[in-house]
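The values are calculated or read from the model by the stated rules, or taken from the named source; none is laboratory data. Keep in mind it's a predicted model, so treat the numbers as computed, not measured. So basically every Cβ, Gly included, is an ideal-geometry build from the backbone, and we count neighbours across all protein chains shown.
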Amino acid sequence: ANVSHGLSTCNNDRFLRFWWEVRQEDISLDYKSDRKKWVPYAKGGPYNKWYGNLWYTVNWEDDGKEIKQSIVEKFPYLKGNYSFVVTNESDYFREGLTYSFVSSFGFSCRYMPKNCIFDVGGSSMFPISGNPQEFSGIITSKLISFVMRILNPTVNYQVGDLKNIPTAHPSALGSKSISPDEIRDLLGSLSHHSPLPTLDSITLSSLAQDCIEIKKELYGFHVIERDFKHDPLAWGLKELREEGRPIRVKDALKRFFIYKAELEARLLINEAVNDELVLKLYELLPEDLTISDVITQCGPLGSLTEDARSALNEGRVHDLGRRTQDVSQGLSAVLEVLESEGIPVGAYPPRDLNEDERKTLKKLYLKHRHDRGSGKSE
């Protein structure tokens, strides 16, 4: 992918506005045809995956005439060459991916629709081949998050760091994609809400597209998002009326929270499948194993016996033996990635969780919940 450094207005107070601060009819839908003054502006923002943080608009009237003139006046040593500051103008308005330049929580990447300009704080990537959706599946995976922390163990993610990511082409997955029946089993009762089981095969592109649509649906309840459609209470009351149920505020809010939890659950399942496909794309996870096999059977990093290694290498995940301090050569990389991302790896017994285990899982949920559209923008 080509990674592009974004625009620096050098005067955000003058040239930027939140989308709700300007008249909606003045915001461009297709700048090449409508030439409207205010254009959607990707400016980084808090940790957020798949989609979102598109709160700003930028004054790009007459192809940014005011911004360019202001830059030339402010930096006379540029001798009129504003392109040192208005960088990569040819990439403006392209469909791609944008990421947050600064993030203390970790690297996060989001789909950027057409007709956006992007900031230095939201520098962007444009796949050389393939579509942005399937590339976003790779970039937002836990494997690439792990790689980014190795390449740059700070809170600032430079354009050069993105260029150094070893990206594989999604077509290399070949037959390793999972079937609609498999995703239907994973989704369970949620499958009738998801478009994935209706597809011929589940690819990185289809998973990413569904994740993006889920985030848009979640942001339909966020008043500061451009995708805002309805407040939770009004939506819940409408659902009760359509279902012919008694109209009660408590029931309406309960209906909303259940719906939101279902969307978040679908997003989590999609992300787990996406991580699995990416690990297989990079040939770190054997084709006949799943992440579930690894985290439920392997135990902590470096804890497999010789029998267990043999069982895993042969795909006999239910024949795993005793654990020692040895590590499976074939799965050590997968375990390292999962543990670095805070995923509890170890045996999960078929029983109810005790109180301490429940508290641990609750902490993990609260720590990562903003990945699923429930964070600072709520």
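A few comments on the model shown:
- Residues (surrounded by fewer than 23 Cβ atoms within 10 Å (Cβ to Cβ) and not in a loop (DSSP other than H, G, I, E, B)) located in the stretch 117-130: V120, G121, F126
- Scanning the stretch 108-115 turns up at least one residue that is at pLDDT 85 or above and over 16 Å from the mean Cα position of the chain (by Cα).
- Of the strands (runs of 3 or more DSSP E) lying entirely inside the stretch 28-102, those containing at least 1 residues that are over 30 Å from I138 (Cβ atoms) and not β-branched (V, I, T) are 38-42, 56-59.
- Selection of first residues in the stretch 17-30 that are in contact (Cβ under 8 Å) with a residue 24 or more places away in the chain and of second residues that are in a helix (DSSP H, G or I), restricted to Cβ pairs under 6 Å at least 6 apart or on distinct chains, gives the following pairs, ordered by first then second residue: S28/D34.
- For the stretch 185-197, the set of residues classified as modelled with pLDDT of 90 or more and touching a Pro at 6+ places or on another chain (Cβ under 8 Å) consists of L196, P197, listed by residue number.
- Lone unmet requirement of (1) surrounded by 23 or more Cβ atoms within 10 Å (Cβ to Cβ); (2) more than 25 Å from the chain's Cα centre (by Cα); (3) farther than 22 Å from V85 by Cβ; (4) not polar (S, T, N, Q) for W50: (2)
- Qualifying residue in the stretch 245-254 (condition: more than 30 Å from I27 (Cβ to Cβ), touching a helix residue (DSSP H, G or I) at 6+ places or on another chain (Cβ under 7 Å), crowded, with 18+ Cβ neighbours inside 10 Å and at pLDDT 90 or above): yes
- Screening the stretch 62-89 for residues that are within 20 Å of F15 (Cα to Cα) and among the aromatic types (F, W, Y) and picking the one that is surrounded by the most Cβ atoms within 10 Å (Cβ to Cβ) gives Y82.
- Pick from the stretch 131-159, criterion in a loop (DSSP other than H, G, I, E, B) and over 21 Å from I291 (Cβ atoms), ranking: modelled with the lowest pLDDT: V155
- Scanning the stretch 90-116 for residues that are in contact with a Gly (Cβ under 8 Å, 6 or more places away or on another chain) and surrounded by fewer than 17 Cβ atoms within 10 Å (Cβ to Cβ) returns a single hit, V102.
- Residue match in the stretch 68-81 (condition: within 23 Å of the chain's Cα centre (by Cα) and aliphatic (A, V, I, L, M)): no
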